[in-house]
1. Consider the stretch 13-27. How many of its residues are surrounded by 13 or more Cβ atoms within 10 Å (Cβ to Cβ) and not hydroxyl-bearing (Ser, Thr, Tyr)?
2. Just to confirm my filter: which strands (runs of 3 or more DSSP E) fall fully inside the stretch 8-106 and include at least 2 residues that are out of contact with any Asp or Glu (no Cβ under 7 Å at 6 or more places or on another chain)?
3. Is it true that Val64 is under 18 Å from Ala100 (Cβ atoms) and surrounded by 13 or more Cβ atoms within 10 Å (Cβ to Cβ)?
4. Give me the pairs, please: first residue somewhere in the stretch 44-67 and more than 11 Å from Tyr85 (Cα to Cα) and in contact (Cβ under 8 Å) with a residue 24 or more places away in the chain, second residue anywhere and open to solvent by 50 Å² or more (accessible area, probe 1.4 Å) and polar (S, T, N, Q), beta-carbon distance under 7 Å, and either six or more positions apart or on two chains.
5. Return a yes/no flag: does the stretch 19-34 have any residue that is touching a helix residue (DSSP H, G or I) at 6+ places or on another chain (Cβ under 9 Å), hydroxyl-bearing (Ser, Thr, Tyr) and at pLDDT below 95.
6. Since Leu76 meets every condition but one in (1) more than 13 Å from the chain's Cα centre (by Cα); (2) of a type outside the set (Ser, Thr, Tyr); (3) open to solvent by less than 40 Å² (accessible area, probe 1.4 Å), which condition does it not meet?
Amino acid sequence: MQELDSLDHVAVPVTDVAAAVEWYKRTFRCEVKYQDATWAFLEFGNIRLALVVPEQHPPHIAFVSPEAEKYGALKLHRDGTRSCYVKDPAGNSVEILDAASMGAPK
């Protein structure tokens, strides 16, 4: 059987990152991996959740792919990962993360 792609994170829009982080920490058992004024990354047992300010980062779903480059030019992010964004048939933003960059130092 072919190995399946993996879902890395889901990014949901928020108006106040700090307030959203506090709510998620109070409501669920999660760990803050990164936080600034425009986005935060929360780690759960089975997935990561990104809290994003829509003017800075699009709400999206992110997958890890060993073939990310075939979907478009990869952008280097501050955490060392590389990815590109595409649209699904319904117009939703989908981030495709380069599997080789996922082990990059953070």
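1. Result for the stretch 13-27: 8.
2. Counting at least 2 such residues, we get 31-35, 39-43, 48-52, 82-87, 93-98.
3. For Val64, the condition - under 18 Å from Ala100 (Cβ atoms) and surrounded by 13 or more Cβ atoms within 10 Å (Cβ to Cβ) - is met.
4. Pairs found: Val64/Ser6.
5. no
6. The single condition Leu76 does not satisfy is (3).
The values are calculated or read from the model by the stated rules, or taken from the named source; none is laboratory data. Remember, predicted model here, so these are calculated numbers, not experimental data. Note that each Cβ is placed from the backbone with ideal geometry, even for glycine, and that neighbours are counted across all protein chains shown. Ligands, DNA and RNA are excluded from the accessible area calculation, which covers all protein heavy atoms including side chains. Shrake-Rupley method; radii C 1.70, N 1.55, O 1.52, S 1.80 Å.
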